[in-house]
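The values are calculated or read from the model by the stated rules, or taken from the named source; none is laboratory data. Fair warning: this is a prediction, and the values are worked out from it, not measured in the lab. Ideal geometry is used to build each Cβ from the backbone, glycine not excepted, and the neighbour counts take in all protein chains shown. The accessibility values were calculated without ligands, DNA or RNA, using every heavy atom of the protein model including side chains. Shrake-Rupley method; radii C 1.70, N 1.55, O 1.52, S 1.80 Å.
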Amino acid sequence: MAAAVVGAVALPALADDHHHGHQYRPVVYISDVQYDSPGRDDRSNRSLNAEWVEITNDSRRAVNLDGWTLADEDGHTYTFDHYRLNGRATVRVHTGIGRDSRTDVYQDRRAYVWDNHSDTATLRNDRDRFVDEVSWGHHRDHRGDDRHRGGDRREGHRH
C-alpha cells in the first residue's frame, strides 16, 4: 500500500518534464539549420551569413553558453564567448562576419562551414560534454535527420 502512495506522489514531478514522451531533447538544443545559403554560393559576407545554425533554450532560465562549442564534422569549431541564452530564446549562429547581439552571433569566417551535401552540427558544453547534434544528407539512420530535411526546411522561412 505504501509503495502505491509513493508512486502517486512521484508521478507529477515526472510529468513536469514535458519532453519525456518524445526524443530526449536537452534543455539547450539545435533547433534549426540552414546549411545551404539561398542563392549562389559566391562567398560574399551576405551569403556566408545566410548559412546558420539555431540553438534554442527550452527552459525558463537563462543558460550561460560561455565556452560552449558548435562544430562541424571537419572540426571547424565556433566557441561562444560570454554569451547568455535567455529562457525560451533562440540564438542564430551565422558563419560570416557581423556584430554579435542577443539573437545573432557570428563565427567571423570568410568561407562556408556547413557542407551542403552531408554534415553534422555538434553542440558541446563548456566541459566538452555532448549536448546535441543534427545531421543531414547521411544515409544512416539518425535522430536529427528527420527533424530537418533539405528542401522543406527553408520553405517555412519564406512566408
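Going residue by residue through region 4-17, is there one that turns out to be modelled with pLDDT under 95 and either in a loop (DSSP other than H, G, I, E, B) or under 25 Å from residue 99 (Cβ atoms) (or both)? Steps first, answer last, please.
Looking only at region 4-17, we keep the residues that are modelled with pLDDT under 95, and these are 4-17.
Then keep just the ones that are either in a loop (DSSP other than H, G, I, E, B) or under 25 Å from residue 99 (Cβ atoms) (or both); that gives 16-17.
Within region 4-17 (the criterion being modelled with pLDDT under 95 and either in a loop (DSSP other than H, G, I, E, B) or under 25 Å from residue 99 (Cβ atoms) (or both)), the answer is yes, since at least one residue qualifies.
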#### Entry: Some residue of region 46-66 being open to solvent by 50 Å² or more (accessible area, probe 1.4 Å), modelled with pLDDT of 95 or more and within 24 Å of residue 110 (Cβ to Cβ)
yes
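Condition check: open to solvent by less than 30 Å² (accessible area, probe 1.4 Å) and farther than 18 Å from residue 129 by Cβ. Does residue 28 satisfy that?
no
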### Message
Can you confirm whether residue 41 is of a type in the set (D, E, K, R), part of a loop (DSSP other than H, G, I, E, B) and either modelled with pLDDT under 95 or within 17 Å of residue 136 (Cβ to Cβ) (or both)?
### Response
yes
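Quick check on region 84-96: of everything there that is open to solvent by less than 20 Å² (accessible area, probe 1.4 Å) and in a loop (DSSP other than H, G, I, E, B), which residue is farthest from residue 114 (Cα to Cα)? It would help to see each step written out before you state the result.
Taking region 84-96 and keeping what is open to solvent by less than 20 Å² (accessible area, probe 1.4 Å), we get 85, 91, 93-96.
Checking the rest, the ones that are also in a loop (DSSP other than H, G, I, E, B) come to 95-96.
Working: 95: 9, 96: 12 Å.
Checking each candidate, the answer is 96.
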### Query
Does any residue in region 14-41 that is of a type in the set (A, V, I, L, M, F, W, C) come within less than 8 Å, Cβ to Cβ, of a residue that is modelled with pLDDT under 65 six or more places away or on a different chain, and which pairs are these?
14/20; 30/144; 33/148; 33/153
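Residues are listed down the side, and each one gets a yes or a no for (1) surrounded by 13 or more Cβ atoms within 10 Å (Cβ to Cβ); (2) part of a loop (DSSP other than H, G, I, E, B):
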| position | (1), (2) |
| --- | --- |
| 98 | yes, yes |
| 101 | no, yes |
| 113 | yes, yes |
| 121 | yes, no |
| 127 | no, yes |
| 131 | yes, no |
### Task
Could you give me the residue pairs with C-beta distances under 9 Å whose first residue belongs to region 45-63 and is under 17 Å from residue 80 (Cβ atoms), whose second residue is among the basic types (Lys, Arg) and in a strand (DSSP E or B) wherever it lies, and which are 6+ apart or on separate chains?
52/92; 53/92; 54/92; 55/92; 62/84; 63/84
